[in-house]
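S.K.: My structure is below; once you've seen it, I'll send some questions.
The values are calculated or read from the model by the stated rules, or taken from the named source; none is laboratory data. Please read all numbers here as calculations on a predicted model, not as lab measurements. When we count neighbours, we look across all protein chains shown, and the Cβ atoms used for this are built from the backbone with ideal geometry, even at glycine. When the accessible area is computed, the model is the full protein with side chains, heavy atoms only, and any ligands, DNA or RNA have been set aside. Shrake-Rupley method; radii C 1.70, N 1.55, O 1.52, S 1.80 Å.
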Amino acid sequence: MNNADSATPACRPREWDLAGLLGDDLVRCSRCGFCQAVCPVYRETGEESATARGKLSLVEALAQGKIPPSRRLYDLFYRCLVCRACADACPSGVPTDHIFLIARTVLATAPAGLGAKKIFLTAFERPRLVNLLVKVAGAAWPLFFRPSGFIRWPANQFGPLRGTRLPRLSGRPFLPRRDRAEDEKAGSEAGSKPGSATALFFAGCLINYAYAETGESAVRILERLGYRVIVPRDHRCCGTPLAVNGETERARKLAHQNLHDLASTPFDVLVTACPSCASTFRDLYPNLLAGTADADRAATVAAKTVHLVDVLGGEGARRLTVSPASSVLPGREEPFLVTYHDPCHLIHGGHPPARPREILNSLPWVRYVEMANAGSCCGGGGTFAYTHRELSASIASRKVDAILATGAAAVVTSCPGCVTQLREALARAGSSARVAHIADLMDGCGNTSAPSHPREPSDPAGTRRGYSEGSDGYGSGTPRLSGR
Amino acid sequence: MGKSVLPMPKGMIGKIGTLLRRRVLSAAEELVPYSFDATPGLESRLPGAVVFPSSTEEVSAVLEFADREGLPVIPRGAGTNLAGGTVPTGAEVVICLTAMKRIIGLNEADLIVDVEAGVVTAAIDAEAARLGLFYPPDPGSVAVTTIGGNIAQNAGGLRGLKYGVTRDYVLGLEAVTATGDVVHAGGRTVKNATGYDLAGLLTGSEGTLAVITGATLRLLPRPADRRSLLATFGSISDAAAAVAGLISARVVPATLEIMDRQTIRAVEAHSHPGLPGDAEAVLLIEVDGPAAVVVSEAETVTGILEANRAMTVHRAADGAERDRIWLARRVALSALARTRPTLILEDATVPRSQVPDMVSALREIAARHELVMATFGHAGDGNLHPTILTDRRDAAEMSRVRGAVDEIFEAALRLGGTLSGEHGIGTAKKPYLEAAIGGASLAALRGIKAAFDPRGILNPGKLFDAVGEDGRP
């Protein structure tokens, strides 16, 4: 971790200047307005500054000196989930998300009053500090948060943190893994038949600190699928929170450090259970490091990066034996009604939406129902849910409506950020629908070792509402009707 | 608060804000995204302010205020106008109708739907589809554009040949005049011979006579079945002649689209729908109606195409094949956009019988001006979209483009056609209007404008310049 060697990349970073942007990318915007149809923020605000073409016009005006890099401009650019729906929908193929990140880079230097944000962002570069903070937070958790995960009164009723519900910081992050030696042995027995592929599992911050069990599930799944699984010794952020906040140089440094570490262990495939981390390795790193000494390494890793859904899709899920009784969803004999939410960075990152649906349809005790607009954003957007609470909640409420309309008992998704957002939104709406990461769902199927959580007693009538505290190893994973 | 950039007095903005008790956009950063629409190559200017009224009363209040203060206004929906109709020319207040987005009610007994102006057109058809009904006009921007905008432009679409255009579906309108009065034009009945056809007049008036706030639209029963066909031709004139052949055989498909070689190549490179590489032109056809009729009509069409020198005629066997055919048409513009950054899409329309001559004229104009031009469009109703592929940063080429566009209009008019089948006049085609409709008609239009908007505050500078006694252009 943070070796002196890898602290300063021995390369000249590519210069990103706005004037250079007025090249082929920006001019291709024909202002057709098709981005309006897919933008989750435009849907709420109806203002053109939310749309891709609106923001591109602002980039152009900024580059031409027609408007200053003001705080107001900064705010307009941050009123964006970076969900990439616009990049996906653009008929002219304008790389809107990349242009927005460049704009944020330029704007990061300009406005005042961002001290708190800059301090917050340093956390992503200091894993050891965060480990300590998380241990403290884990211990102090019950003082501030109820077992349901909702923040305690009075913050729950008043002020900007009203209605906040966070995943339980267990104080024991995914990395470093204490039982790693045992895992290596188990892994090498289970998975290292001659010729078995090596999978490097990259947890990412949210799984590392808040959903360690999901990380464990993912590792177990990979092992049962015959991979030899390795994990980095220590956690390091992929760098996307920095890149998305305009701190391009600092993101580049993290990218360099990550790639340096990855180069020291051979692996066949890099698997992550977080779509944002996946798209960081696949798209952001090659972009960030183009023209530097790391460019080739970035390209190699990008080609090897997959999301767990890619591994589970197709044949993968069928090779896991299915056992509803040990699933994260309450065991039942009748088909369990389940729906799926597409995380933005999967559906707009080139991952076919059919795959997770194939996985769910392969479970005989699951009856899959498609929700309306399954591919539209949940409103989480990483830190967006905390920097733009009302907007995020508005967007989430559309998701909640769609989920409730299906009557599903659970919504499955493949992103820990979406899991967090959906759990909060559903709980706020008083719904008892459960939210499960697909890794946890599939891990519970045929898991021969002890499950990481005690099983729910079966609930044939399906009338159970709310669950007792601590009965689910997620801690905050269970929504309560009376969660306020 | 940012400074507003144009001469919109701060006090004025404050007054509008108080009036509506709503957010008024006035800072430069907020106004830049309202300085353009989807029309390429137009100079952008900042409006004075943007407001988002959420009811007819609020629109009325804004217009009353604007009338009192002599403030020019621009009504705007999604801003996907293709002729500059929503582009500011000088410090106007943009009245953005997107907050008025309710589908008020669908009346199954009468087959009508009441909507507010800001509803996205695709949402209307989706709502109708739930009940087995159909709102036919489907311009390319249907998933983005607002119905108010469609009405103001009399938008067309791919189904125009069989189903007509927006005007054919407007039964009644609610609109606010330049003095803030709310008028109800037309009604809720299919037939209505009660006074001047005010609803018809406002349809296509491009925001210059009144601000449309709501509409009552006619719906049709949704066709039970449909069949799609793709025919390839060795020359674009053959394809154009086949179009004429179809119509003279009294076959009216729901959709009859043409694509030239340029377009075919771009589309194939973009999404590989499987278009034959050696085709000089293709026709994409859809027939719809009751199941038995559709099958026999598809056969009839096939026969006519083969008799008109079609190289191949392929009937889609299932939904997937049908989708592939229409994907080819839907991505035409995107595919062309990937070849060069700026697309100048024109809209010149001729009587259907003149399509072959128009197609030749287009090719000759492109060659003479040394421009790359792709042609696709609604061949069935003569509404072609010659699309010049260029780069707005190349000043020399842009000037040749302007010359070519002039000649395209001249050619269309010479062949008995019009300047615009569906995109409207806006600012982009203003210079050609008198030549297209004649001096006497233009004088009549000016008279109507003066009657509706004596102070000239509604979307000034669009369609034509009113010549008033005060000498104001």
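S.K.: Residues being in a helix (DSSP H, G or I) and more than 13 Å from every other protein chain (Cβ to nearest Cβ): count how many of those fall in region A:89-111.
M.R.: The total comes to 11.
S.K.: A further question follows. State which residue pairs qualify: first residue over 15 Å from residue B:115 (Cα atoms) and inside region B:125-142, second residue open to solvent by 40 Å² or more (accessible area, probe 1.4 Å) and acidic (Asp, Glu) in any location, beta carbons under 7 Å apart, and separation of 6 or more residues or different chains.
M.R.: Listed by first residue and then by second, the contacts come to B:131/B:108.
S.K.: Quick test for you: out of B:241, B:215, B:254, B:266, pick the one residue that is over 25 Å from the mean Cα position of the chain (by Cα) and either of a type in the set (A, V, I, L, M, F, W, C) or surrounded by 24 or more Cβ atoms within 10 Å (Cβ to Cβ) (or both).
M.R.: B:241
S.K.: Follow-up. All but one of (1) away from chain A (no Cβ under 14 Å); (2) part of a loop (DSSP other than H, G, I, E, B) hold for residue B:63, so report the exception by its number.
M.R.: Single failed check for residue B:63: (2).
S.K.: Then there's this: Residues to consider are A:426, A:391; find the one that is assigned to a helix (DSSP H, G or I), under 16 Å from residue A:166 (Cα atoms), open to solvent by less than 40 Å² (accessible area, probe 1.4 Å) and in contact (Cβ under 8 Å) with a residue 24 or more places away in the chain.
M.R.: A:426
S.K.: Can you say whether residue B:388 is at pLDDT 90 or above and within 14 Å of another protein chain (Cβ to nearest Cβ), as far as the supplied structure shows? First the steps, then the outcome.
M.R.: Working: at pLDDT 90 or above: yes; within 14 Å of another protein chain (Cβ to nearest Cβ): yes.
Spelling it out, residue B:388 is indeed at pLDDT 90 or above and within 14 Å of another protein chain (Cβ to nearest Cβ).
S.K.: How many residues are in contact with a strand residue (DSSP E or B) (Cβ under 7 Å, 6 or more places away or on another chain) and among the hydrophobic types (A, V, I, L, M, F, W, C) if we restrict to region B:12-66?
M.R.: Residues in region B:12-66 being in contact with a strand residue (DSSP E or B) (Cβ under 7 Å, 6 or more places away or on another chain) and among the hydrophobic types (A, V, I, L, M, F, W, C): 14 in total.
S.K.: Another question, if that's okay. Check off (1) without any contact (Cβ under 8 Å) to a residue 12 or more places away in the chain; (2) within 13 Å of chain A (Cβ to nearest Cβ) for residue B:100 and give me the number that stays unchecked.
M.R.: Residue B:100 satisfies every listed condition except (1).
S.K.: A further question on this structure: Return the pair list, or none, for Cβ contacts closer than 8 Å from residues in region A:25-44 that are under 13 Å from residue B:33 (Cα atoms) and more than 8 Å from chain B (Cβ to nearest Cβ) to residues that are outside any loop (DSSP other than H, G, I, E, B) and of a type in the set (Asp, Glu), at least 6 apart or on different chains.
M.R.: A:42/A:48
S.K.: Looking only at region A:230-255, count every residue that is open to solvent by 20 Å² or more (accessible area, probe 1.4 Å) and not in a loop (DSSP other than H, G, I, E, B) and tell me the total.
M.R.: 6
S.K.: Also, I was wondering about something else. Quick check, is residue A:86 more than 9 Å from chain B (Cβ to nearest Cβ), assigned to a loop (DSSP other than H, G, I, E, B) and at pLDDT 95 or above?
M.R.: On the way: more than 9 Å from chain B (Cβ to nearest Cβ): yes; assigned to a loop (DSSP other than H, G, I, E, B): no; at pLDDT 95 or above: yes.
Judged against the criteria, residue A:86 is not a match.
S.K.: Among residues belonging to region B:73-91 that are closer than 21 Å to residue B:146 by Cβ and more than 13 Å from the chain's Cα centre (by Cα), point out the one that is farthest from the other protein chains (Cβ to nearest Cβ). If you could, list the steps in order and put the result at the bottom.
M.R.: Of the residues in region B:73-91, the ones closer than 21 Å to residue B:146 by Cβ are B:73-88.
Add one more test, that the residue is more than 13 Å from the chain's Cα centre (by Cα), and what stays is B:73-76, B:87-88.
Working: B:73: 17, B:74: 13, B:75: 15, B:76: 9, B:87: 11, B:88: 13 Å.
Filtering region B:73-91 for residues that are closer than 21 Å to residue B:146 by Cβ and more than 13 Å from the chain's Cα centre (by Cα), the one farthest from the other protein chains (Cβ to nearest Cβ) comes out as B:73.
S.K.: Let me ask something additional. Is one or more of the residues making up region B:346-369 touching a strand residue (DSSP E or B) at 6+ places or on another chain (Cβ under 6 Å) and either closer than 29 Å to residue A:89 by Cα or within 14 Å of another protein chain (Cβ to nearest Cβ) (or both)?
M.R.: Within region B:346-369 (the criterion being touching a strand residue (DSSP E or B) at 6+ places or on another chain (Cβ under 6 Å) and either closer than 29 Å to residue A:89 by Cα or within 14 Å of another protein chain (Cβ to nearest Cβ) (or both)), the answer is yes, since at least one residue qualifies.
S.K.: Continuing with this model, one more query. What do you reckon, is residue A:289 of a type outside the set (Lys, Arg) and at pLDDT 90 or above? Outline the logic, then answer.
M.R.: Values: of a type outside the set (Lys, Arg): yes; at pLDDT 90 or above: yes.
Yes.
S.K.: Can you tell which of B:45, B:21 is of a type outside the set (Asp, Glu) and on the phi > 0 side of the Ramachandran plot?
M.R.: B:21 is the lone residue from the list that is of a type outside the set (Asp, Glu) and on the phi > 0 side of the Ramachandran plot.
S.K.: Suppose we keep only residues that are in a helix (DSSP H, G or I) and surrounded by fewer than 19 Cβ atoms within 10 Å (Cβ to Cβ) within region A:46-83. Which one would you say is farthest from the other protein chains (Cβ to nearest Cβ)?
M.R.: Checking each candidate, the answer is A:63.
S.K.: Something else: Out of the helices (runs of 4 or more DSSP H) lying entirely within region B:70-168, which hold 3 or more residues that are buried (at least 24 other Cβ atoms within 10 Å of the Cβ)?
M.R.: Qualifying helices (runs of 4 or more DSSP H): B:147-153.
S.K.: Which one of the conditions (1) farther than 22 Å from residue A:318 by Cα; (2) modelled with pLDDT of 90 or more; (3) surrounded by fewer than 21 Cβ atoms within 10 Å (Cβ to Cβ) does residue A:172 fail to meet, given that it meets all the rest?
M.R.: Of the numbered conditions (1) farther than 22 Å from residue A:318 by Cα; (2) modelled with pLDDT of 90 or more; (3) surrounded by fewer than 21 Cβ atoms within 10 Å (Cβ to Cβ), the odd one out for residue A:172 is (2).
S.K.: Separate question: Taking region B:7-24 only, how many residues are in contact with a helix residue (DSSP H, G or I) (Cβ under 6 Å, 6 or more places away or on another chain) and touching a residue at least 40 places away in the same chain (Cβ under 8 Å)?
M.R.: Qualifying residue count for the region: 2.
S.K.: Can you report the number of residues in region B:43-53 which are at the interface with chain A (Cβ under 10 Å from one of its Cβ atoms) and either closer than 24 Å to residue B:115 by Cβ or of a type outside the set (S, T, N, Q) (or both)?
M.R.: 3
S.K.: Determine whether residue A:201 is of a type in the set (A, V, I, L, M, F, W, C), part of a loop (DSSP other than H, G, I, E, B) and modelled with pLDDT of 75 or more.
M.R.: no
S.K.: Condition test on residue B:311, is it more than 23 Å from residue A:90 (Cα to Cα), in contact (Cβ under 8 Å) with a residue 60 or more places away in the chain and in contact with a Pro (Cβ under 9 Å, 6 or more places away or on another chain)?
M.R.: So residue B:311 passes the test.
S.K.: For region B:25-34, which residues satisfy the criterion of being touching a helix residue (DSSP H, G or I) at 6+ places or on another chain (Cβ under 7 Å) and facing chain A (nearest Cβ under 9 Å)? Before the answer, list the steps.
M.R.: Applying the first criterion (touching a helix residue (DSSP H, G or I) at 6+ places or on another chain (Cβ under 7 Å)) to region B:25-34 yields B:25-27, B:29-30, B:32-34.
B:25, B:27, B:29, B:30, B:32, B:33, B:34 - these are the residues of region B:25-34 that are touching a helix residue (DSSP H, G or I) at 6+ places or on another chain (Cβ under 7 Å) and facing chain A (nearest Cβ under 9 Å).
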